[in-house]
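Derivation of every value follows stated rules applied to the coordinates shown; laboratory data play no part. Note that the structure is predicted; figures quoted are calculated from it, not measured. Counting neighbours? That spans all protein chains shown, and the Cβs are built from the backbone with ideal geometry, glycine included.
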Amino acid sequence: MDILIPIDDSEPAMKAVEHAVREYPDADLTLLHVIDPSVGMYGEGGIYAYDSILETRREAADDLLENAAEIAANHDGSVERETVVGSPSNEIVAVTESKDIDHIVIGSHGRSGASRVLLGSVAERVVRRAPVPVTIVR
């Protein structure tokens, strides 16, 4: 079984890594971090420093993926790591399709009410669009 675990720098994302390693010990796991270029890159001068900002985010993604891989290693799991740039929910679904993933395990921030409506939910959009089963970990 091939499992995709989309991660960000949140506690629920790291819990999703732990859950996947614990519940699917024999699965091939892929950690995915999506750099969303629309978030925080359009401040003063941001458009001119796009490449520099993107490189900084790639470095941060490498650290994030390393931390998540260590969590997996603590549970005797090994993972593949991938970073892509784009809209998180779109990229998660695209990677799922291109890598022939069987299952997605994703963390949820547990937002409700107005904050969920205003901010949207990557996990919710993935559940609606994913061609495979999705487990949401809180």
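Rounded to whole numbers, the Karplus 3J(HN,Hα) couplings from phi for the range 124-136 are 5, 5, 5, 4, 5, 10, 5, x, 9, x, 10, 10, 9 Hz, using 6.51 cos²θ - 1.76 cosθ + 1.60 with θ = phi - 60°, and x at Gly and Pro.
Here r is the Cβ-Cβ distance between K15 and A49 and R0 is 35 Å; the resulting FRET efficiency, rounded to 0.05, is 0.55. Subtracting the Cα-Cα distance of T135 and D76 from 0.36 nm times their residue separation leaves 19.2 nm of extension gain.
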